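J.: Have a look at this one before I ask anything.
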Amino acid sequence: MIIDRRTALIGSIAAAGLTACTAAGRAQTPPPATPASPHLTFPEPTETIDLWPDGPPGAPAQLPVETVRERSTDRAFNDRYVFGISRPRMAVFRPQRPNGAAVLITPGGGYNWVVVDKEGYEMARLLAAEGVTAFVLFYRLPHEGWAAGPDVSLSDAQRAVRLIRHRAGRFGLDPARLCAMGFSAGGHLCADLLTRFDARVYAPVDAADRLSARPNLAAPIYPVVSMTLPTAHAGSRRNLVGENASPERERAHSPHENARSDAPPTFLLHSEDDRSVVVENTLLLRAALRARGAETETHLFPDGGHGFGLRLARGKSVENWPALFLAWARRKGLST
C-alpha cells in the first residue's frame, strides 16, 4: 500500500541522514529549535537558507521572539509549530539522488504560526526520497507588526522562489522545474504566489530579485482561499487582513479574485468534510483559474477532515493523495 511505501521511504531517508550542510549553509540561521521537545523522531535538517542577507525588510521596532511548541507526546512523531519568525528561512532536504526538480513547501498554521513537521518536514522527506529537492519555508506572519502587513508572507515566498532559482547550480536543479506546494493557510500563500508572483511587494535587494517568482507548477492542498465570510477561515482572515477588513481588502488578498491566464498548472485537493477550511475555497480557486484558461487538476474526497498532511490521511478516502500528486508532477515534467 502507498502508506507502507511512504513510511519506508521516510524511514530510509532519515536513517541515511540528511546531507551535511555546505559552508554557506553553516553560516545561516539554524532551523527552528525545540530544546523543550521530549523527543525527536527523525534527524533535523542541517542546511538552511536565510532569505534576506541584511535581515528582512520592514521590521517592527521590537522584533518578535521565535518560539517553538511541541504538541505531540507520542514518540512516534513530532508535531511542532513556530511563531515569532524574525529570520525567515528555508530548511533544505537534499535527496541522495537528485533529479533536478525542486518543491517549495509552505506549511499551514492559520497565519498564527507555521507548522514544522506535519505539513513541512514530513512532506519534505517524502519528496527527497523521490529525488526532489525540498525547501520548507518558515515565513513571517502578517499579524506580528511587519510593515508589509498582509503581503509579508508573500514577500518571503517570492524571495524564496527567486533564491532557489538563483542557486539552482549549487543544488543541481533545473530552474524551470520548480513547484510551490502549500497546506491550509500555507495553501493560501501558495495560491497567492501563483496568482501574484509578479506583484511588487518588496524592493529588490540583489541579483536574485531579477529572476521570476512564478513557480512552474503549484499545489495548494486544502487551501484557505477566500477572505470573505462565511467561506473564509476566520482565524486566517483575522491574522491576514483583520477582523474589520473592507470588501476591497478582502478581494485584494483572495487568490480567486486575482486569478490569471498565465498562472502555472495547478493541482488542487480537498476533503468535502473539512469543517475548518470549507471545500468551497478550493472550488472558488478552481473555477476562477478555469475561467481564465489556466490549467487545473482537482481531487475531492468525501472524508479526510482538515490538516491531514501525510500521517493523518491513513485509513481515509484521501490516504493515497501523495501518489496522485506525484503522478501529476511526473506528467508535468517535475520529476522522473
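J.: Starting from region 59-74, take each residue that is surrounded by 14 or more Cβ atoms within 10 Å (Cβ to Cβ) and list its partners that are of a type in the set (Ser, Thr, Tyr) and at pLDDT below 95, counting only C-beta distances under 8 angstrom and pairs at least six apart or across chains.
T.: Taking only residues 6 or more apart or on different chains, the pairs are Val68/Thr34; Val68/Ser37; Glu70/Thr34; Glu70/Ser37.
J.: Another question, then. When you go through Thr266, Thr228, Thr298 one by one, which is the residue that is touching a Pro at 6+ places or on another chain (Cβ under 8 Å) and closer than 21 Å to Thr106 by Cα?
T.: Thr266
J.: Taking the stated definitions as given, is Trp321 out of contact with any helix residue (DSSP H, G or I) (no Cβ under 6 Å at 6 or more places or on another chain) and under 20 Å from Tyr121 (Cα atoms)?
T.: Yes: the conditions hold for Trp321.
J.: For region 119-160, give me the residue count where each residue is within 17 Å of Ala327 (Cα to Cα) and surrounded by fewer than 24 Cβ atoms within 10 Å (Cβ to Cβ).
T.: Final tally of qualifying residues: 4.
J.: Restricting to region 233-251, what's the tally of residues that are buried (at least 17 other Cβ atoms within 10 Å of the Cβ) and either out of contact with any helix residue (DSSP H, G or I) (no Cβ under 9 Å at 6 or more places or on another chain) or in contact (Cβ under 8 Å) with a residue 40 or more places away in the chain (or both)?
T.: 6
J.: Please determine, by comparing only the residues of region 201-220 that are without any contact (Cβ under 8 Å) to a residue 60 or more places away in the chain and either within 19 Å of Asp273 (Cβ to Cβ) or basic (Lys, Arg) (or both), which one is surrounded by the most Cβ atoms within 10 Å (Cβ to Cβ).
T.: Here the residue is Arg214.
Condition check ((1) at pLDDT 95 or above; (2) among the aromatic types (Phe, Trp, Tyr); (3) part of a loop (DSSP other than H, G, I, E, B); (4) in contact with a helix residue (DSSP H, G or I) (Cβ under 9 Å, 6 or more places away or on another chain)) across all residues:
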residue: Pro35; (1), (2), (3), (4): no, no, yes, no
residue: His39; (1), (2), (3), (4): no, no, yes, no
residue: Thr46; (1), (2), (3), (4): no, no, yes, yes
residue: Asp54; (1), (2), (3), (4): no, no, yes, no
residue: Pro57; (1), (2), (3), (4): yes, no, yes, yes
residue: Thr73; (1), (2), (3), (4): no, no, yes, no
residue: Asn78; (1), (2), (3), (4): no, no, yes, yes
residue: Arg87; (1), (2), (3), (4): yes, no, yes, no
residue: Pro95; (1), (2), (3), (4): yes, no, yes, yes
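The values are calculated or read from the model by the stated rules, or taken from the named source; none is laboratory data. Note that the structure is predicted; figures quoted are calculated from it, not measured. Quick reminder, even Gly has a Cβ in these numbers, built from the backbone with ideal geometry, and neighbours come from all protein chains shown.
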